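We did not get these values from a lab; they are worked out from the coordinates using the rules stated. Since we're looking at a predicted model, the values are computed, not measured. Don't worry about glycine lacking a Cβ; one is built from the backbone with ideal geometry, like all the others, and counts go over all protein chains shown.
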Amino acid sequence: MTLTDEHLDDALAPVLDAARAAAPDVDATGRFPEEAVTALRGSGLLGLTLPADVGGMGGGPQALARALAHVASACGSTAMIYLMHVSAAMTVAAAPPPGHPKLLGQMADGTTLGTLAFSEPGSRSHFWAPTSQGQASNGTADAVTLDAKKSFVTSAGHADVYVTSTLAPPENAAGESAVDIYAVPAGRDGVSVAGPWRGLGLRGNASSPMTFQLDVSGDDRIGPSGGGFQLLLDAVMPWFNLGNAAVSVGLSQAAVDAAVAHASGSRLEHLGESLAQLPTIRAQLSRMSLDVTATRSYVDTAARSLASPDDGTMLHVLGVKAFANDAALRITDAAMRVCGGAAFSHHLQLERYFRDARAGHVMAPTADVLYDFYGKAITGLPLFE
């Protein structure tokens with residue numbers, strides 16, 4: 001069955017209802033959005049981009065961008081949890097670990113919520129460069145002791161499986177900086193949340209530090225030994241960067257809608273007119289609306305390029321997150337200024353969109369790092385040297 005926009009919208013409806021209803025409390029208390037995640041599990045959307053033969057919906061990059069923008073407009077934390085699951089699922093789909101034959105099906109049907117656990121304190125936002133070092137266990141080439149401290153793990157303590165990285169044991173793979181990626185079930189001994197999470201924005205996505213201290217094997221490994229870096233480039237970064245950009249679009253659109261509604265409905269009684277009747281306010285609203293329209297268009301261009309790769313696809317992968325992140329900063333800032341003091345209260349939810357947009361901007365790979373990569377690409381320089 002071909003996935004249509006109508007089918008996607010029907011699947012999204014209960015998720016959006018649950019996310020929108022819980023979002024203010026999720027933000028205020030910093031709690032995990034259980035209601036929205038439960039709705040996601042039952043919607044089929046956790047398998048949106050996975051193929052039908054494993055129980056997925058067979059949707060592509062454009063479907064994901066559409067879905068994430070809608071979810072982000074309701075709750076940024078839920079959207080980021082969803083994006084991390086999709087990013088983990090697409091990494092697993094690229095090279096399924098042999099010891100977990102049912103994992104993809106379970107990630108598709110909502111049984112298993114996945115997430116990425118890549119960033120480490122030693123390499124910070126350079127998530128492609130773990131500093132933890134796997135060690136061959138008991139002298140066996142296929143058994144590895146994983147000893148990694150991870151930072152900012154979305155859905156920490158709530159995910160069912162963690163897609164995590166470490167430097168491969170030197171004797172197992174060529175190159176001292178070769179990376180291994182593993183699928184680690186949450187229930188294994190040695191997997192633990194290492195601290196609380198309280199952030200400026202995306203407060204409900206449980207981005208706590210975690211520790212992974214356990215033995216893993218080739219049955220858990222995603223791809224060949226030492227092949228993790230290529231997986232990061234081919235499977236993780238395209239889907240994550242596009243999805244993060246779509247989250248920025250959703251937050252931007254929510255800010256525009258809130259600002260337009262407030263400006264249209266709020267009156268200056270001494271002048272006998274609404275805020276929207278002031279030319280300066282209308283100009284701000286116009287710029288915001290055009291900005292989000294242009295950003296959505298570029299995200300759609302990037303999504304179509306990912307669906308049918310061409311010579312410009314890598315540039316889109318590098319550019320789309322940074323472009324959309326910066327647009328979200330501009331748009332949410334303008335919305336705050338348009339609405340003035342009312343924006344600083346909770347009832348418009350604008351201050352939530354403002355804070356959430358800033359969280360996405362500094363999420364690895366940060367917008368500034370991506371601009372640097374883009375500049376290297378267009379000037380013919382190697383990206384990672």
For region 42-190, what is the relative contact order in percent, using Cα pairs closer than 8 Å and at least 6 residues apart in sequence? 19
Report the dimensions of region 5-109 along its three principal axes from the alpha-carbon atoms, largest first, rounded to Å. 42, 30, 19
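Take every Cα pair under 8 Å in region 261-385 that's 6+ residues apart, average their separations, divide by the length, and report that relative contact order as a whole percent.
The normalised contact order for region 261-385 reaches 22 percent.
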Principal axis dimensions, largest first and in whole angstrom, of region 240-304 by Cα: 50, 15, 11
In nm, spacing of pseudo-spin labels at residue 333 and residue 230 (7 Å Cα→C-beta vector): 4.2
If eta is 0.890 mPa s and T is 25 °C, what Stokes-Einstein diffusion coefficient results for the chain, Kirkwood Rh from Cα pairs, in µm²/s? 115
Please give the Cα centre distance for region 177-194 versus region 226-275, rounded to the nearest Å. 32
The chain: DSSP helices with Cα axial extent of at least 18 Å and average Kyte-Doolittle hydropathy no lower than -1.0: 5-29, 61-74, 76-94, 237-265, 279-307, 313-339, 350-362
In whole Å, largest first, the alpha carbons of region 114-225 cover along the principal axes 43, 27, 20
Dipole in debye (nearest 20) - region 283-353, about Cα centre, beta carbon charges: Lys, Arg +1; Asp, Glu -1: 220
Relative contact order (%) - criterion: Cα under 8 Å, at least six apart; region: the chain: 17
Between region 40-99 and region 339-360, how far is it from one alpha carbon centroid to the other, in angstrom? 27
Sort 352-363, 255-266, 2-13 by the packing proxy (mean of other Cβ within 10 Å over each peptide's residues), most packed first. 352-363, 255-266, 2-13
With viscosity set to 1.002 mPa s and temperature to 20 °C, compute the Stokes-Einstein D of region 230-378, Rh being the Kirkwood radius across alpha carbon pairs; µm²/s, no decimals. 132
Excluding residue 230 itself, what net charge comes from residues whose Cβ is under 15 Å from its Cβ, given Lys and Arg +1 and Asp and Glu -1? -1
